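The values are calculated or read from the model by the stated rules, or taken from the named source; none is laboratory data. Keep in mind that this is a model prediction, so the values were computed, not measured. Positions of Cβ are generated from backbone atoms using ideal geometry, with glycine treated the same way; all protein chains shown enter the neighbour counts.
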Amino acid sequence: MKEKEPNENHRDDAAHQIKSVVESSFKKVIEIIKKGILSGDLTNTTALQSAIIKTARLIGAAAQRFLNDEAVLRAASISYSLIISFVPSLVVVLLIGARVINTDEYFELAKEMVRKNGIPIDIDPYINVIKELIRNAGAIGGVGLLILMFTATSVLRNVENALNRVWRVINKRPFIQKISGFLMVMIFGPLLLAIGISYAQWLLGKFASPDLEQIRFLDDRTVVLGQKYVYIEQDGQKRWRYSNILDKIDFDYNNRTLIHSGTENKFLTLEESAVFTNKVQKPDLATLSKTAFTDIAKKNQTIIIITSDGTILRSSDAGEIYYATKIQREQSNWLFNVRLNSVLMITEKVGFIAGSGGVLLKTTDGGEDWSAVGPLNREIDYKAVSNNSKGEIFVVGSSFTVLKSTDQGETFESIDLSSNAADPLKTSLFSISFNENYGYIAGDFGTIMMTQNGGSTWVSKIISRNYDFRSVFALNSGASIVAGDKGALRIGITDKENRTSFIPVKFQTESDIHGTAYNAEEDKIMLVGANYNIIASKNTLSDILNSGKDPEFEIIQESPFWRKLISALGNVILPFAVIWLLFFLVYLIIPYTEVNTKAAALGAAVTSTIWVVFLLGYKYYLTSFSVGTFAIYGTLAAIPLTLLMVYISALIMLFGAEVAFLYQYPGMMRIGKKHYHDINAKKQIWLGLAVLYYLTTAFKKGHGAVKEAALIRVCGNNQDEFTYIIHKFAEKKYVEKGEGGAWLLGRDPATINLLEVLEELETTDYHIPAIQDKNHFAAKTQKLFNLVLKSRSEILHKVTLADLIN
């Protein structure tokens, strides 16, 4: 056997020594941290170790208090009251909020959030119930309103009781103060939260990249539209340039608002709309600067641009000057904005616009005047309008709606294609496009419908329910391009036997794609979407169709990295900030005691962090593992899943409160069972005397009432000790509570006998029960106890607090 060289032995010894030193150092660090966590001893620790120990002690002590305070039971109580009070609270909030916000827009945002996150819950029935409650709210009488408010505030009462338990608050909030405070929370809480969210979104929108909504080829130019009134043109020299359309609008001439009736499919006359004068929104520069351009159409000299806030911009001179018309819809005596989604001009004079809330418009004079057409259904949002080679008009929308007109839009008939959808009421159709006899419809849950006879019959081509398609464009020879959320992209190719297959594209992006178009001059496909993305095919359509080459795409324009970073961070930070603000105010205001601002902020930060992580996990469960739950419960699966979310949210809130309390009172941190003995068994006379001394000194110096936080510090930051002592002294009138929860000395120190103070705080019982005093040992022991009591009385019965202080 070959012996090792001397150098090899040295290397082995060195490696062994290094390993021993590392292991020894690691064990030492672990031992220091473990010792520090259990005892709080920070001796011989580095700054990093100290931070780890303090954080671990805070979380560990909070977890132990969390269990000892019966937080699980209290969270169940909060959850129950929240469920009972949810509908009354929602009615109260929406009754108030409906005066300042468009509730329909928030309902649409809720449905969009559920759909985009892949959560398999149909919330339409719940939204319809809420709408019905709001409509019937006017019938609530005085007694009904009181019952409604009492039920709505029950969750606040339970939260207050739970947080008072955490902060060991014994005194009750006065009834009038409680009612007024709860009403303030109910009225101004949602309003302030809405203002905060709106301001945060506005601030984020100032720096984040605008999403691009649509791309169109108009004569000799390419036009891209998007959020924040983005209008980009590519001229004949292939140069992209931004154009400010707002500067070309004449707001003085023919600036008007048309109000769509809520009961008839028509626009109200000036006399009929007079009652809405104070709520009518005129087109103006400030509003349009916040809106999105959603679509554009051009025929000869006529250009029509539509927006997300219901404004129609019309030009009859190829875009030199625009005139604005605003569309609003009336429902239950309220006016709402209409999102205009798609515009089609079939001649220079005749055109159509599809909008939300059942609004379908037609013009016969180049957009100067508009009339309402089609069936009136406020529950349907029309998403797109197109025409085939025969001149027939097709409209698609939510709930698998398809309309067809064979008389230039004078009348529309509904085409029932619901048999092609797994759940038509939940499936929206977003886009429709024709090329000769071929036509395509794209929508939610991988829905693709196609026709080869101009729309007389349609067949389903569902790709996968995991895709939500937003746009489709019919290309030459029966081909098509379909695109949607999270980079969903397919090219449809029809073979010689009229069989169509949809080929996946070699293009990786997580950004949503909103618009599709075909550049006939370059024979290329173009797309636009989120993050200011403009995307083009690398190979021509002819190559894709004839040579069998795989379609490839590339981003030719996108937002700067720093804008995308702001958008990504904003999508995380904004929800976190809103949640943090909510819990910060809860911890700061609801407990009936003085809560340190830093403590409330830290507790809210811990709560927000845990809650955001929980929501991400909850969303992952809903999208990945909830199939069995929905298979058993169907639509009712929303109930147990919602109960679970509410209950865990209450637990998270109470844990954050424990963290806030321990940060404010670090003297209450105890790790390990041996430190958690009953607080009633360790009342300390010294702390009681120290509190009285502090109050007497403050009185003599003319400082007035002493804040509760200062007295708690006298008790070594032990909230439980302070609560017990101050409660005993208040019963004996030694102290009185002043304004703002501060404390005053209630009696002259010369009248406060130390023997009385000792008897109040010292709980040892020196009397043997009668049933046990029959033997000799008990009799002798009782005599000894009597001597102790007599000696204590002789020493202290004439000593007062004033004697001790002077």
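Odds and ends about this structure:
- Among (1) more than 25 Å from T406 (Cα to Cα); (2) at pLDDT 90 or above; (3) of a type in the set (V, I, T) - the single one I353 does not satisfy: (1)
- All positions within the stretch 406-419 that are in contact (Cβ under 8 Å) with a residue 24 or more places away in the chain and small (G, A, S): G409, S414
- The listed residues are S501, S511, S480, and the only one of them that is touching a helix residue (DSSP H, G or I) at 6+ places or on another chain (Cβ under 7 Å) and among the small types (G, A, S) turns out to be S511.
- Selection status of T269, over 24 Å from I534 (Cα atoms), loosely packed, with under 15 Cβ neighbours inside 10 Å and β-branched (V, I, T): yes
- Hey, I805 surrounded by 13 or more Cβ atoms within 10 Å (Cβ to Cβ), aliphatic (A, V, I, L, M) and modelled with pLDDT under 85 or not: yes
- Selected residue (criterion: modelled with the highest pLDDT) from residues of the stretch 356-401 that are within 35 Å of the chain's Cα centre (by Cα) and of a type in the set (G, A, S): A384
- Test: K426 is in contact with an Asp or Glu (Cβ under 9 Å, 6 or more places away or on another chain), surrounded by 20 or more Cβ atoms within 10 Å (Cβ to Cβ) and among the basic types (K, R): yes
- The set of residues in the stretch 320-340 that are touching a helix residue (DSSP H, G or I) at 6+ places or on another chain (Cβ under 7 Å), crowded, with 18+ Cβ neighbours inside 10 Å and in a loop (DSSP other than H, G, I, E, B) is empty.
- Hey, T696 at pLDDT below 80, of a type in the set (S, T, N, Q) and either out of contact with any Cys (no Cβ under 6 Å at 6 or more places or on another chain) or part of a helix (DSSP H, G or I) (or both) or not: no
- Leading residue by the ranking (farthest from D295 (Cα to Cα)) among those in the stretch 528-552 that are part of a strand (DSSP E or B) and over 30 Å from the mean Cα position of the chain (by Cα): E552
- For the stretch 760-773, the criterion of being more than 25 Å from L692 (Cα to Cα), at pLDDT below 75 and among the charged types (D, E, K, R) is satisfied by at least one residue.
- Boolean, P560 is modelled with pLDDT under 85, in contact with a Lys or Arg (Cβ under 8 Å, 6 or more places away or on another chain), surrounded by fewer than 21 Cβ atoms within 10 Å (Cβ to Cβ) and of a type outside the set (S, T, N, Q): no
- Output for the stretch 407-461, where each listed residue is assigned to a loop (DSSP other than H, G, I, E, B) and under 16 Å from A479 (Cβ atoms): E436, N437, Q452, K461
- Filtered by the rule that a residue be over 25 Å from S414 (Cα atoms), basic (K, R) and under 40 Å from the mean Cα position of the chain (by Cα), the stretch 466-502 gives K486, R490.
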